[in-house]
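Let me begin by presenting the structure, written as structure tokens, before commenting on it.
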């Protein structure tokens, strides 16, 4: 392996870390590099985050970000298809990638002295991807099969996809990350070439390194491998704001399944657009009150207590680029109906709207959350994930410093207030899976029926 230039290290100079122990350096071409030393083991996680995901995609090419992620392993000007992964494996490393609504990320975990291997390979495919048509044709079929297995033939995933498409009217969050089937059928390699050229540029990326490393040496390696890459004019996507929802929406998805399933979602703010900066933290605490482990209300009261639900959950993420949903979901227990499950979930919502969470319950939830965040710091991979996600969605990685503190400051009154203000019928969408016989019969266009496709009051 080539050695790092000492002159370049001296030129960069010492860097003072932020409170979280994170060092930052921005290259002349706009690439941001974040480094967090963690010397508990001689390993390093290196991640490259691009500010592009399914929420950037216009109609007609949904799924293009995910297909491009697959193609990033299929050859560059200097690497044959599959050679990227082969080199990482030969150096004793693990690697993979993932696509989200707001980002696409690529990562490797290696011995700390192998970091330059990762940088050299990632710089190669950042601007020198070849996208051969024969590889695209093969990989597109892999993605189609992935969609069939994980969505079309998975009744709960299929219900969730339809739920998203009805809950959102204009927001690009209505589109599945893997893409709509019709768009995958008509996708061309030129769609990927244009998408790659537009978004895969150093000034649209963040490199995050966590592990047994010296920040100045990492910055020197970044200058060496990523520094020569040219920036690309990056035009942010046009806003596609979600119109105000004026009434509950309902849909029924009919698909072969063993049991029914229910999803409910409420339009809520996130950190990027909240009127009051405490509200997203209160929503996260509310989700933990309902579904924060075995002692949380859903598990304690609906699953083990009343035994109305075989499973029940609540979910919310404050770290998204666009406004999101507060979701409830579940499967009724044997002998109980979806109607009973929905009524039980709504009763739980009404309870948090009218009764304050007790100090004892809130203290237990805070302890669990803080313990969870401390445990996550044991993973260099997850530490890098936090930094990359916050930076890429536009919140800034510095938020990692205050996240636990802000959660801990949430009061019972704030939890009640966000439940009252946002978990209301006017912004609710409800999806039900209506199980059909598992006989393999072909589905028809009548399999999915939607009531209230236009918002209306109940």
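Just so it is clear, none of the values below were taken in a lab; they were calculated from the coordinates. Fair warning: this is a prediction, and the values are worked out from it, not measured in the lab. Cβ atoms come from the backbone with ideal geometry, glycine included; neighbour counts cover every protein chain shown.
Plainly put, segment 11-225 has a radius of gyration that is 1.00 times its Kirkwood radius, both from alpha-carbon atoms, as the Rg/Rh ratio. With 0.36 nm allotted per residue and the present C-alpha distance subtracted, the residue 337-residue 246 stretch has 30.0 nm of extension available.
Any idea what diffusion coefficient the chain gets from Stokes-Einstein, in µm²/s, Kirkwood Rh on alpha carbon pairs, 25 °C, 0.890 mPa s? This corresponds to a translational diffusion coefficient of 103 µm²/s.
Based on the Cβ-Cβ distance from residue 145 to residue 382, what FRET efficiency comes out when R0 is 30 Å, to the nearest 0.05? If you can, show how the numbers build up before the last one.
Details: r = 30 Å, r/R0 = 1.00.
Working from the Cβ atoms, E equals 0.50.
Give me the number: length gained by fully extending residue 404 to residue 363, i.e. 0.36 nm times residue separation minus the C-alpha to C-alpha distance, one decimal in nm. Spell out each step's value before the answer.
Working: separation 41, 0.36 × 41 = 14.76 nm, distance 1.35 nm.
So the extension gain works out to 13.4 nm.
Principal axis extents of the Cα atoms in segment 80-154, from largest to smallest and rounded to whole angstrom, are 44, 27, 25.
Centre-to-centre separation between the Cα atoms of segment 358-421 and those of segment 31-45: 22 Å. Largest first, the extents of the alpha carbon coordinates of segment 24-96 on the three principal axes equal 47, 30, 24 Å. When only alpha carbons of segment 255-372 are considered, Rg and Dmax amount to 14.9, 45 Å. One chain, two ends: residue 133 and residue 355. Fully extended at 0.36 nm per residue, the span grows by 73.9 nm beyond their Cα-Cα distance. Between residue 197 and residue 39, the modelled label-to-label distance comes to 4.8 nm, taking each label 7 Å out from Cα in the direction of the beta carbon. The spacing between segment 138-207 and segment 223-287, judged by their C-alpha centroids, is 15 Å. How far apart, in nanometres, would the label points at residue 438 and residue 157 be if each is projected 7 angstrom from Cα along the Cα-to-Cβ direction? Result: 1.7 nm between the two label points. Size check on segment 249-451: the Cα extents along the three principal axes, sorted descending, read 53, 36, 35 Å.
For the pair residue 230 and residue 310, label points projected 7 Å from Cα toward Cβ lie 5.8 nm apart.
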